[in-house]
Amino acid sequence: MRIYDVIKKKRDGFALSKEEIDFFVDGYVKGEIADYQASALCMAIYFKGMNLEETTNLTLAIRNSGEILDFSGVDGIRADKHSTGGVGDKTSLVVAPIVASLGVKVAKMSGRGLGHTGGTVDKLESIPNFNVSLPKAEFIKIVNDIGVCIVGQSADLAPADKKLYALRDVTATVDSMPLIASSIMGKKLAADDDVIVLDVKTGSGSFMKTEEDSVRLAEIMVGIGKNAGKKTVALITDMDIPLGRAIGNALEVKEAIQTLKGQGEEDFKTVCSCLAVEMLYLSGKGDREYCQKLVSDVISSGKALETFKNMIKAQGGDQRVVENPDLLPTAKYTRLVKAKSSGYINKVNTEGYGLSALTLGAGRNKVGDKIDYSAGIILNKKTGDYVEQGDVIATLHANDTSLFEKAEQILLSSTTITEQKPTERKLILARIE
Ligand code: URA
C-alpha cells in the first residue's frame, strides 16, 4: 500500500477501507508517513468527509495507537466530560470538582488550546506549580483520595491524536466533523470511563458553526461511544457568545473559582450545572431534578470549592489561589476597549474574540509557542447589553503594550452594535442520546 494512493482516493471522494485507515494512522505515528502527506490527507478528509464507518475506523485506529488505560484501580463509577472547544470555556474546572464532591470519580485527561479555543491543561498550568503530567499510579491515587485529578494526555495515550491534533491546528483542518469526532472519541475510548458527557458547542466560537452540523457531530460521537459500551450523552450548547466574562488562562481560573464560590455569570453557571447533572444522572445518582439539587448543595456548602482546592494541592499547585486569586499570574498592562457607537451589542463573532485573546498571548500561533498565562480579555459587556458610545465593552490584559492595537481592532470588528435588541438564544439547544 502507498500513502500516495490513499490520499488520492480520498481526494477523489471515495471511502477509505479499515486497512487504509490503519495503514495511515500506524505509518504516521511511526514517522513513516511525512507531515506533508498527513496534512494532504487531512485536507482531503476536510473537503470530502468520511462516512460513519470510516469515522469509527479512524476513531479506533487513534485509540489503538497507544495505551488503553486500565482504571480498575479507581473505586466506583468513573465519569468524564469533553467539550468540542470554545472561547471562555472553563467548564471542566467547575464541573469536575462538583461531580467528584458527589462521589462520582473524575479521572480526566484534558487537552491544550487549539486554534482560537482554549484548553483545560493550559488553564490549569496557569496555577503556579500545578503538575499536569503525573505517573499513572499517582494519578489513580489522587482520584481515589480526592475524587478528581486532571492531567494532560500522556505520550502513550492515543499518540496518533497528539500528532494529528498539532498538525491540524496549523494546517486549517480542525473544523472537520470526522476529524473532530475521531480525535475526541479516540481519546475518550482509550480512557477507561463508564460515562461520557459531550459538550458539543455550536455557533461562531465553535468549530461547528451551525446547529445542524453540531447535532450531526454529536450524533456521530454518541453513536461511537454507545457502540463501545459507554453511557454517552451530548448537550449542544451555545458558543455564539463567549462563556462567562473571562477569556485567557489565569483570568478563566479566577472566574472558575468565583463560580465555585457561588458567584459568577449565569450563563456559565447554567452550562456547568447542566453538564454536571448529566454526569451524575448517567452515573445513577438519581433523577435530573434530584441531581440538580445535589449540584446546588455542593456549591452552596463550599464542598465543590474544597475539592478543587484539594486537587490543586495534590497536583503540586499553590492552593492558596482559591482564597487569594491574585496569586495567579497577572498582566502588567490593561487597555480599555470602548464602544464606537451607542446601541445594543447585537451579536459578536466569538471566534474573533478568541483570536483577539490569542493575539494578546493567551494562545498559540504555531506548535511549541509559549503561552502568556496572564494574558486575555474580561468582557465588561456582552451580547444583549445596551452601551453608550465610549462605554467600556472589554478590558484587555497583556504584558506587551504593542499587542493591544491589533487585539483591540479584532475585538471591535467582531462586535456588532445596533439599535435593535437581539433575540435571546437558548444556552442548551439540544440533548442527544
Ligand atoms: N477537541 C479535541 O480533542 N479534538 C478536536 O479535534 C477538537 C476539539
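The values are calculated or read from the model by the stated rules, or taken from the named source; none is laboratory data. Predicted, not measured: the structure shown is a model, and the values here were computed from it. A quick note on method: Cβ atoms are made from the backbone with ideal geometry, for glycine too, and the neighbour counts reach across all protein chains shown. Just the protein is used for accessible areas: all its heavy atoms, side chains included, with ligands, DNA and RNA removed. Shrake-Rupley method; radii C 1.70, N 1.55, O 1.52, S 1.80 Å.
Filtering the stretch 396-414 to residues that are open to solvent by less than 60 Å² (accessible area, probe 1.4 Å) and either assigned to a loop (DSSP other than H, G, I, E, B) or basic (Lys, Arg) (or both) leaves Asn399, Ser414. Considering each residue of the stretch 318-335 in turn, at least one proves to be under 19 Å from Val99 (Cα atoms) and surrounded by 20 or more Cβ atoms within 10 Å (Cβ to Cβ).
Among the residues of the stretch 142-194, write down those that are of a type in the set (Lys, Arg), within 12 Å of the ligand (Cβ to nearest atom) and closer than 26 Å to Asn131 by Cβ. Listed by number, the residues that qualify are Lys162, Lys187, Lys188.
Restricting Ile371, Ile312 to those that are under 17 Å from Lys254 (Cβ atoms), modelled with pLDDT of 95 or more, among the β-branched types (Val, Ile, Thr) and open to solvent by less than 70 Å² (accessible area, probe 1.4 Å) reduces the list to Ile312.
Only one entry in Ile393, Ile377, Ile417 is open to solvent by less than 80 Å² (accessible area, probe 1.4 Å), part of a strand (DSSP E or B), in contact with a His (Cβ under 8 Å, 6 or more places away or on another chain) and not aromatic (Phe, Trp, Tyr), namely Ile377. Here the helices (runs of 4 or more DSSP H) wholly within the stretch 69-157 that include at least 3 residues being open to solvent by 30 Å² or more (accessible area, probe 1.4 Å) are 136-146. Within the stretch 201-211, can one find any residue that is within 10 Å of the ligand (Cβ to nearest atom), outside any loop (DSSP other than H, G, I, E, B) and in contact (Cβ under 8 Å) with a residue 60 or more places away in the chain? Taking every residue of the stretch 201-211 in turn, at least one turns out to be within 10 Å of the ligand (Cβ to nearest atom), outside any loop (DSSP other than H, G, I, E, B) and in contact (Cβ under 8 Å) with a residue 60 or more places away in the chain.
Flag: Ile140 matches the condition of being at pLDDT 90 or above and within 30 Å of Asp318 (Cα to Cα). I'm told Ala160 meets every condition in (1) more than 16 Å from the chain's Cα centre (by Cα); (2) part of a helix (DSSP H, G or I); (3) within 29 Å of Phe308 (Cα to Cα) except one. Can you identify the failing condition by its number? So the condition that Ala160 fails would be (3).
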